[in-house]
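Below: one structure, written as structure tokens.
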Amino acid sequence: MPSSTHISTVGEFGLVDRLREIIESPAADSAPSSDLLIGIGDDAALFRPRAGRGLLLTADAFVEGIHFDLAYTSFLHLGWKTIAANLSDIAAMGGEPGYAIVTLALPSKISVEMMEDLYRGARHACTDYGCRIVGGDTSASLGNMMISIAMTGDVEIGKELRRDAARPGELLCVSGTCGGAHAGLRILAREKRRFLESGARDGFQPNLEPYKEVIERHLVPRPRFDVARALVDVGVRAAIDVSDGVASDARRIAEASHVGLEVVGSSLPLLASTRAVAAKFAENPAEYALFGGEDYEILFAVADDGVYRLLERGIDITVIGRIVDAKNGLTFITTEGERVALPPRGWDHFMATGNAS
């Protein structure tokens, strides 16, 4: 059995010291630090903004039972994912990542070793994408576990990607594929249910091997800095990351830009494994892309010539619709060719139950 040290054994300051060792290990030192003047260990971090660049600041909260389930999410994966979600916000603005602050509210069931794994996962994400954890706070929790990440980044002034810059006549595109994260969540939730129904008898083993691709999309999302940098290079101005599903995030672009749009259902890019999972549950895979969320791809508006230039560079994008005049509203074209209002449903933290996907 792995060791399990109650946090009260080491205390808050002892826990912080152990987590600090992980953050400041040589393996975590790939993030540029020439602008960092004071890091972890003081009342606040101090860094020098880079000349000619605007400062980005984003934050995300993750609550156990709402955003993650410890029954099938390891602390390594959880650490990665909480950092990756914030990195995706920085990417979607056309920026480069900087520094992160981690705040934890921990119930008594959480051990020191769990927190060490959480920080190892977070450190791996920071190392891969060039950011650094520079501080945070810890507190006890009388309920579920909560993680809050605040992250800085910067972007060249005048080249930032934003939600309010889409214009009629542009094409609506998305990077990569959509719906895979939700497919992975469907399988994980099914296997958890089977485990509970088995009463942990007969050596129950989850059936995950055939679904590794979509499970990874759910547990280990990859922020699309490669796409964002290419968008900035070709002059794209309007973008958002797909965190709540194509339907919700396309609507956000339309509302911010005061435009209408059309989304073509048959054009939504889906993995074969996503289609297979949807078929297993007798569900429509397009709904996974429209309403699932947590794909962390980039949805953007671009002129025709920009699409050609991106494709010439080998950027994996798909045209899924177009931007139209606001008077034409928000339209979804079904696979049967029927034109209907773009469904408003998507991940809503105050309407949904269970885990986000």
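A few points about this structure:
- Here the dipole of the chain is about 460 debye; that uses its Cα centre as origin and unit charges on the Cβ of Lys and Arg (positive) and Asp and Glu (negative).
- Subtracting the Cα-Cα distance of Ser25 and Glu216 from 0.36 nm times their residue separation leaves 66.1 nm of extension gain.
- For the chain, a Gaussian network of Cα nodes joined below 10 Å ranks Gly158, Gly176, Gly121 by mean-square fluctuation, and the top entry is Gly158.
- Estimated vicinal HN-Hα couplings, Hz - the stretch 73-82 in sequence order (Karplus 6.51, -1.76, 1.60; Gly, Pro = x): 10, 6, 5, 4, 5, 5, x, 4, 5, 5
- The stretch 198-255-the stretch 42-108 distance, computed between alpha-carbon centres (Å): 16
- With both labels modelled 7 Å from their Cα along Cα-to-Cβ, the Ser139 to Arg229 distance reads 3.8 nm.
- Amide H contacts for Arg132 (H built 1.01 Å from N in the peptide plane; partners 5 or more residues away or on another chain; cut-off under 5 Å): Tyr99, Ala100.
- Inter-probe distance in nm under a simple model that places probes 7 Å from Cα toward Cβ, at Asp304 and Asp316: 2.8
- Note on the chain: antiparallel DSSP beta bridges, both residues inside, total approximately 75 percent of the bridges counted.
- Gyration tensor (alpha-carbon) shape descriptor, the stretch 80-203, a/c threshold 1.5: oblate
- Between the amide H of Gly292 and those of Val246, distances stay under 5 Å, these residues lying 5 or more places away or on another chain, with hydrogens modeled in the peptide plane.
- Karplus (6.51, -1.76, 1.60) ³J(HN,Hα), θ = phi - 60°, over the stretch 245-252, in Hz, Gly and Pro reported as x: x, 4, 4, 5, 6, 5, 4, 5
- Under-5 Å amide H pairs with Leu70, H placed in peptide plane, nonlocal only: Gly65
- Label zone at Ala326, where the point sits 7 Å out along the Cα-to-Cβ direction: the stretch 221-263 residues whose backbone N lies under 20 Å: 237-240, 248-263
- Label zone at Arg194, where the point sits 7 Å out along the Cα-to-Cβ direction: the stretch 213-242 residues whose backbone N lies under 18 Å: 213-216
- Positive dipole terminus of the chain, leading residue within Ser266, Ser243, Leu37 (C-beta point charges): Ser266
- HN-Hα J in Hz across the stretch 171-186 - Karplus 6.51, -1.76, 1.60, θ = phi - 60°, x for Gly and Pro: 8, 9, 10, 9, 7, x, 10, 10, x, x, 4, 5, 4, x, 5, 4
- Helix-only arithmetic for the chain: the sum of -39500 (n - 2.57) across DSSP H runs with n ≥ 4, divided by the residue total, places the mean residue ellipticity at 222 nm at -11000 deg cm²/dmol.
- Under a Gaussian network description of the chain, with springs only between Cα atoms under 10 Å, the residue in Tyr296, Tyr119, Tyr308 that fluctuates furthest is Tyr308.
- Label positions at His258 and Asp35, each projected 7 Å from the Cα along the C-beta direction, are separated by 3.3 nm.
- Max mean-square fluctuation residue, GNM over the chain, Cα-Cα springs under 10 Å, options Gly54, Gly293, Gly245: Gly54
- The stretch 57-150 - share of DSSP beta bridges that are antiparallel (%, nearest 5): 55
- Gyration tensor (alpha-carbon) shape descriptor, the chain, a/c threshold 1.5: oblate
- Protection proxy ranking of 128-136, 63-71 - average other beta-carbon atoms within 10 Å, highest first: 128-136, 63-71
- Cut-off 19 Å, label 7 Å out along Cα→Cβ of Leu208, residues of the stretch 159-195 by amide N: 180-195
- Peptide packing: for 297-304, 267-274, the average count of neighbouring Cβ atoms within 10 Å per residue gives the ranking 297-304, 267-274, highest mean first.
- Computed E for Ser108/Glu336 - FRET, C-beta separation, R0 45 angstrom, nearest 0.05: 0.25
All of the numbers you see were taken from the coordinates with simple rules; none came from a lab. These figures come from a predicted structure and were not determined experimentally. No Cβ is skipped: glycine too gets one built from the backbone with ideal geometry, and neighbour counts run over all protein chains shown.
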